[in-house]
Amino acid sequence: MNTAVLSNKAARRLFLERHGLSEAPQGEAHGAALLSLIERLGFVQLDSINTVARAHDLILFARRPRYRPKALKRLYEQDRALFEHWTHDAAVIPMGYYRWWQLRRERDAEKLRKQWRDWRRDGFEAQFQTVLDQIRDQGPLCSSDVGAGEKRGSGGWWDWHPSKTALEYLWRSGALCVVGRDGFRKRYDLTERVIDEGLCHPLEEEEHAATIDWCCAGALDRLGFATPAEIAAFWDHITLAEAKDWCAEALAQGALQPIEITSADGTRRSSYARPDVMGDPALDTEPTQRLRVLSPFDPALRDRKRAERLLGFDYRIEIFVPEAKRKYGYYVFPILEGDRLVGRVDMKAFRDHDVLRVRALWPEPKVRWGKGRVAAFEGELNRLIRLANVSKVQFEDGWLRAAQ
């Protein structure tokens, strides 16, 4: 039997539909509707940088322009419909998925204890019981509330005091939960006071296998098509070997089919997809032409290599690049229109001046930014300023640059 081939256009459409970027950005953005969107995405990455809006807020706003940050805070901190843990980075995740993170917590318990000893966070293990007792007695605490008398460094990940390290370890391994944030500082509480006891037991052998199945199936269904490496990386708590074994078994059972995905440059990449993928309605659905600004950490762009293959968009964040060596800027936002990325913009909200300032926009090669596209961009910015908490937009002289 011949292997099915997805054209690049079809692959883009399927990819964007799975990431909630195909339909027009509209609809309710709080309560059950917001939770449903997060379940569709799987998780939403958290990030503290607030150049225009924090990453998690812009991710949700790009799909639901009615979204406001207080809706996520309520869903997380009051409704307890979300929990916080790690995928490839810190993220908020639907509470219904909590049991599937037990494998990650057990693996982190073993891995991090060794890693953090090697990173010379001396004494953190001796603080476990002290930290747990303090939280039991005083209620949810931040890292600044524990470790009285310990030497304090910068507070960065490389310079935690022992009690801060103990907090993080106890959270990552399951004894503590993050129950909210003050600003961007995590508040930790005892898991037994937050999560149903039945979700916290050690995994039995059959539950281990069920977790791998859930992770692989959920990753594939959210990606549309994927290699074993992409499946393993999606939630980032199963191994490549486990993903390969799952694909082989699912293929033998008829739950997967091999497929060739055409990249933006015309090359093909072998992947797996569901057997009915060639009949998926997304393949024949024209994505909305509504122009929108995406977070650099948007789920559709998180895997930079995949985004480059499918969309021909070479993106590297330059936060840690010295200013003189940056090609674009400190924190540059991709711009999506239809099924392609048409530019990137360097902009920042200056809240003390009540303005969103656009420094520069670079069109992608072979994309013309005429009056119509500029007007669409201005319309998107006028929507975005509500999220940025400013009231006007200002364009610097020479903001529209040549493609690079």
Where the chain is the region considered: accessible area per residue in Å², 1.4 Å probe
46
Could you name the lysines in cross-link range of Lys164, using Cα to Cα under 16 Å and dropping any fewer than eight places away on the same chain?
Lys151, Lys186
Considering all alpha-carbon pairs of region 224-348, what whole percent are spaced by more than 24 angstrom?
41
Taking every pair of distinct Cα atoms and averaging 1/r, then inverting, what Kirkwood hydrodynamic radius in Å comes out for region 42-183?
16.5
Quickly work out the Glu260-to-Glu323 label distance, labels modelled 7 Å from Cα along the C-beta direction, and quote it in nm with one decimal.
5.0
At a probe radius of 1.4 Å, what is the per-residue accessible area of Trp246, in Å² to the nearest 10?
30
With the calculation restricted to Cα positions, what are the radius of gyration and Dmax of region 207-260 in angstrom?
10.0, 33
Equivalent-ellipsoid semi-axes (√(5λ), Cα gyration tensor) for the chain, whole Å, largest first?
36, 30, 19
Expected unfolding gain across Asp284-Asp352 under the 0.36 nm per residue rule, minus the alpha-carbon gap, is 19.8 nm
When DSSP assigns beta bridges and you keep just the ones with both residues in the chain, what percent turn out antiparallel, to the nearest 5?
80
Using only the Cα atoms of region 9-79, each taken as one equal point scatterer with no solvent, compute I(q) by the Debye sum, divide by I(0), and report log10 of the ratio at q = 0.22 Å⁻¹.
-0.99
Round to the nearest 10 and report in Å² the accessible area of Thr267, as given by a 1.4 Å probe over the protein chains' heavy atoms.
70
Show Cys177, Cys200 ordered by accessible area, largest first, where the area counts protein heavy atoms only and the probe is 1.4 Å.
Cys200, Cys177
If each Cα of region 242-287 is one equal point scatterer, what is log10 of I(q)/I(0) from the Debye formula at q = 0.16, 0.26, 0.33 Å⁻¹?
-0.55, -0.98, -1.10
When the accessible area of the chain is split by element with a 1.4 Å probe, what percent falls to carbon and sulfur?
49
Cα-based Rg and Dmax for region 339-385, where Dmax is the largest Cα-Cα distance (Å)
11.9, 37
Between Lys366 and Gln129, what is the label-to-label distance in nm when each label sits 7 Å out along the Cα-to-Cβ direction?
6.7
Taking a temperature of 10 °C and a viscosity of 1.306 mPa s, what whole-number D in µm²/s does Stokes-Einstein yield for region 289-404 with Rh from Kirkwood over alpha carbon pairs?
108
Span per principal axis, largest first, for the Cα atoms of region 31-122 (Å)
46, 32, 21
In whole Å, what are the Cα extents of region 178-289 along the three principal axes, biggest one first?
51, 42, 24
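The values are calculated or read from the model by the stated rules, or taken from the named source; none is laboratory data. Just so you know, these numbers come straight off a predicted model, no measurement behind them. Cβ sites come from the backbone with ideal geometry, for glycine too, and all protein chains shown count toward neighbours. For accessibility, only protein heavy atoms count, side chains too; no ligands or nucleic acids. Shrake-Rupley method; radii C 1.70, N 1.55, O 1.52, S 1.80 Å.
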